[in-house]
Amino acid sequence: MPLPKVKAGLAAAAAPGFVLERSEVMPALIGRHEDFLFVTGLGGSASDVGAVTGDGAHVYSLGGAMGAACMIGLGLALARPDKRVLVVTGDGELLMNIGALATIAVMNPANLSILCVDNGHYGETGWQKSHTSLGVDLEKMAIGAGIKRTRTVAAAFQAQRQCSAARRAIPRREQGHASREAGADQRLEVAGE
C-alpha cells in the first residue's frame, strides 16, 4: 500500500526540527553499502535499503516477517563476526519484538548496528498510528534494554556527522533512530555501544 502523501510544510509544522527526507538521509547514514550485510524489515525500510544498494546479494529482506529483523540480524552477526551487519527496520516492526533489544544488549555483538526509521505509523497495515506517535520513545527503550550507545538523528546535517563518526568506529554495535521525514513524518534512531 503506498504511503499517504503529506506536504513537507505540514510535516515541518507538526514536528519542527524533525523533518528529514528519507531519500537523502538514508544514503548519508549508510555510506558505503558494500561494507555491510543488511537485514531489512518490512516495506519502507526494505525500499530504503534497496534504493541505496540496488538490492544486492548482501541484502536480506524480510517482507512479511514483522518483528523478525533485529533477531535475524543478531543471528547473522553472530554467524559472521567477520562482517558488519546493519539492520534497517521501522518503528512498528521494532515494537512487535521490542524484547529483541534486551537480547542484543546481552549478546553484545560488536559487528551489529540497528537503524530504526520511525514514522509513527504501521505503514504495512493501513497507516494506523504506532505507539511512537503517542509518546513511546524507542531510543529510551533501547537504553533501558542495556544498549550503551544510542542516538536520534533529527536533522540532515546530523546524519552526515553521525555517518562519518560511525564509519570510523569499527567494529561497533549501535541502534539509531531517524526523526521525521518530509511527506511521511519519519524518525530515524540509531542505538549501540
* For the stretch 26-118, take the alpha-carbon Rg, divide it by the Kirkwood Rh, and send me Rg/Rh. => 0.93
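If you put +1 on each Lys and Arg Cβ and -1 on each Asp and Glu Cβ, how big is the dipole of the stretch 57-147 around its Cα centre, in Debye rounded to 20? Provide the component values of the computation, followed by the final result.
Working: 5 positive and 7 negative charges, 47 e Å.
The dipole magnitude comes to about 220 debye.
Taking the Cβ of residue 58 as the center, what net charge do the other residues with Cβ under 9 Å away carry, scoring Lys and Arg +1 and Asp and Glu -1?
Here the count lands on 0.
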* **Amide H contacts under 5 Å for residue 151, placed H, 5+ residues apart** => 175, 177, 190, 191, 192
* Asked: How would 122, 60 line up by accessible area, probe 1.4 Å, largest first?
  -> 60, 122
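The values are calculated or read from the model by the stated rules, or taken from the named source; none is laboratory data. Values in this document were obtained by computation on a predicted structure and should not be read as measured data. Counting neighbours? That spans all protein chains shown, and the Cβs are built from the backbone with ideal geometry, glycine included. Each accessible area value is taken on the protein alone, full model and side chains, heavy atoms only, with ligands, DNA and RNA left out. Shrake-Rupley method; radii C 1.70, N 1.55, O 1.52, S 1.80 Å.
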